[in-house]
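The values are calculated or read from the model by the stated rules, or taken from the named source; none is laboratory data. In this text the structure is predicted, and so the values were computed from the model without any measurement. As a convention, Cβ positions derive from the backbone with ideal geometry for all residues, glycine included, and neighbour counts pool all protein chains shown. In case anyone asks, the SASA skips ligands and DNA or RNA and just uses the protein heavy atoms, side chains included. Shrake-Rupley method; radii C 1.70, N 1.55, O 1.52, S 1.80 Å.
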Amino acid sequence: MSEQNYQAFWNEVLNIIHEEYKQKGQEDEFKLWFNMEYVKDTLSEITVSVPSEFMWNSMVQKGYVKSVQEKIKEMTGQDVSITHIAKNSFSVPSDPILTQKKDETKEKASSQTISSSVEYKKHPQLDELFTFDTFIPGENSDFAYKVAQAAAENPGGLYSPLLIYGGVGLGKTHLMQSIGNYLYHKKQGKIKICYVTSENFTNEFTKSINDKTTEKFKTKYRNLDVLLIDDIHFLIGKDGTQEELFHTFEALHQNKAQIVFTCDRPVTELKGMFDRLASRIKSGTSVDLLPPNYETRLAILQNELNLMNKEISQDVVEYIAKNVQTNIREMKACLITMLNYAELMKKPLTIEIAEKQLRNTVSQISDSSITIDTIQKVVADHYNISISDMKSRKRPKKVVIPRQIAIYIARELCDYSYPELGNEFGGKDHTTIMHSYEKVVDQLKTDSVLDSTIQMLIRNIKEYKRKI
């Protein structure tokens, strides 16, 4: 066969496998583990593009690549090997401590690869493990991941400013710093990049005023190539800092610098943000990170184990992935807890041990621990009404809509009957509660904005519960 002769067979095989997974209700698993795009072929080899080296290794280890090979052989009668190209092969090297834990063969190969490339320079403010290669994208984050890569490839272009928003522990800082690490490595350190939290930016600006060194502060921040500012929701109520950030933004934007912000919510929901600063941020691209689905959570945990060169029971990994759903950081912490336990106790991990050791953590973050009071408070705060308004019989639209949304969320997250919810919302009749719930259900069928708002509120409710 000549070049390109396998492409039609490749497409047909992927379609067959996709249909098999769809019929089993496992379409998300197909999208995760068969994320291979045909590139080219020869008589004996097909080359495909995959998201990362880790994903390729996982696809091979789990037998997904082999299953494709076997189906192609069934169709063509040819034994064809499958090779790959990793899309995000531009990550910085791993932590040397982790690299030392790899076997001698892998370590030698890694050293040869690094030594043959340009010398790696570590940026003093960036975590070198926050790279595109170590970020595992899923349906919850794939768009944000691709936009961040595009911003890194073309800094100061279409994706500047870039806002990445979402709940705690979902990877906002990881993606932001991946942009910085990629550019710093690509430019061999010959680029001015600054990563700073909004709190530190505020403290530094305040100190410059007290020390009469504001010109030095302005020179530092207004002459950068890349500015990465974390958690801009911290700036709410800090008028002086917002004013300074606005002028910093204007100077950088005029010089075509790359600007990236992270936030826990969209800019439109930041009450207390200066209009002109908010409008500048909104003039760019905003992408959100949602809690990852089960398959993505599983892939993230497997990636962590791979980075640490550790292995534990698959049952334990799946237990963590199933029970820690909204916060990647907490999920990784649970994994570390299990690894530490196994090392200290000198015994293999079992699902029974995992359930016992993690029961307090899992119970604290489960939906069953969420109360009606928490839901009412978070929803009321978001819509700037009081809890007493929500429980009252007031009928103005600004009260009715938040009340209906709170009832819907309570019904979805808590094990309450309609009469019980009626009691929690000011003694209302159960038919009123049912009507409120069903009205939101109907609206969600056509209103994507409402769906996004409710998902954001649910994230905030779960985060609020963990903080109290």
For segment 395-425, which positions are part of a loop (DSSP other than H, G, I, E, B) and either of a type in the set (D, E, K, R) or at pLDDT 90 or above (or both)?
R395, D415, F425
Test each condition in (1) surrounded by 15 or more Cβ atoms within 10 Å (Cβ to Cβ); (2) farther than 12 Å from Q258 by Cα; (3) touching a residue at least 24 places away in the same chain (Cβ under 8 Å) for S160 and report the one that comes out false.
(2)
Looking at segment 142-157, which of its residues are farther than 13 Å from Q258 by Cβ, without any contact (Cβ under 8 Å) to a residue 60 or more places away in the chain and not hydroxyl-bearing (S, T, Y)?
D142, K146
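Would you check which residues across segment 242-268 are open to solvent by 50 Å² or more (accessible area, probe 1.4 Å) and either touching a Cys at 6+ places or on another chain (Cβ under 9 Å) or in a helix (DSSP H, G or I) (or both) and list them?
Keep residues of segment 242-268 that are open to solvent by 50 Å² or more (accessible area, probe 1.4 Å), which gives 243, 247, 250, 253-256, 265, 268.
Matches in segment 242-268: E243, H247, E250, H253, Q254, T268.
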Give just the number: which of (1) at pLDDT below 85; (2) among the polar types (S, T, N, Q); (3) open to solvent by 50 Å² or more (accessible area, probe 1.4 Å) does Q314 not satisfy?
(1)
Quick check on segment 139-147. Is at least one of its residues over 18 Å from D288 (Cβ atoms) and crowded, with 23+ Cβ neighbours inside 10 Å?
no
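Please work out if Q125 is assigned to a loop (DSSP other than H, G, I, E, B), at pLDDT below 95, open to solvent by 30 Å² or more (accessible area, probe 1.4 Å) and on the phi > 0 side of the Ramachandran plot. Please lay out each step first, then the result.
Details: assigned to a loop (DSSP other than H, G, I, E, B): yes; at pLDDT below 95: yes; open to solvent by 30 Å² or more (accessible area, probe 1.4 Å): yes; on the phi > 0 side of the Ramachandran plot: no.
So Q125 does not fit the description; no.
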Selected residue (only one of F54, F30 is surrounded by 14 or more Cβ atoms within 10 Å (Cβ to Cβ), out of contact with any strand residue (DSSP E or B) (no Cβ under 8 Å at 6 or more places or on another chain), modelled with pLDDT of 75 or more and assigned to a helix (DSSP H, G or I)):
F30
List the pairs whose first member sits in segment 11-39 and is in contact (Cβ under 8 Å) with a residue 12 or more places away in the chain, whose second member is open to solvent by 30 Å² or more (accessible area, probe 1.4 Å) and not in a helix (DSSP H, G or I), and whose Cβ atoms are under 8 Å apart, counting only residues at least 6 apart or on separate chains?
N11/Y38; D28/E139; D28/N293; K31/E139; W33/K62; M36/H84; V39/I85
Any residue at all in segment 225-241 that's of a type in the set (G, A, S) and surrounded by 19 or more Cβ atoms within 10 Å (Cβ to Cβ)?
no
Give me the pairs: first residue in segment 271-284 and assigned to a loop (DSSP other than H, G, I, E, B), second residue surrounded by fewer than 17 Cβ atoms within 10 Å (Cβ to Cβ) and of a type in the set (S, T, N, Q), beta-carbon distance under 8 Å, and six or more apart or on different chains, which are they?
K271/N384
Segment 364-393 residues that are modelled with pLDDT under 90, paired with ones that are charged (D, E, K, R) (beta carbon under 6 Å, 6 or more apart)
I370/K465; I372/E424; T374/K465; M390/R403
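Looking at the structure I just gave you, is I409 open to solvent by less than 60 Å² (accessible area, probe 1.4 Å) and within 21 Å of N384 (Cβ to Cβ)?
Numbers: open to solvent by less than 60 Å² (accessible area, probe 1.4 Å): yes; within 21 Å of N384 (Cβ to Cβ): yes.
Against the criterion (open to solvent by less than 60 Å² (accessible area, probe 1.4 Å) and within 21 Å of N384 (Cβ to Cβ)), I409 qualifies.
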Checked segment 183-221 for anything open to solvent by less than 60 Å² (accessible area, probe 1.4 Å), over 24 Å from D264 (Cα atoms) and outside any helix (DSSP H, G or I); matches are G189, I191, T213
Can you find even one residue in segment 435-447 that is within 26 Å of Y165 (Cβ to Cβ), open to solvent by 40 Å² or more (accessible area, probe 1.4 Å), in contact (Cβ under 8 Å) with a residue 60 or more places away in the chain and among the hydroxyl-bearing types (S, T, Y)?
no
Residues located in segment 314-363, provided they are charged (D, E, K, R) and at negative phi:
D315, E318, K322, R329, E330, K332, E343, K347, E352, E355, K356, R359
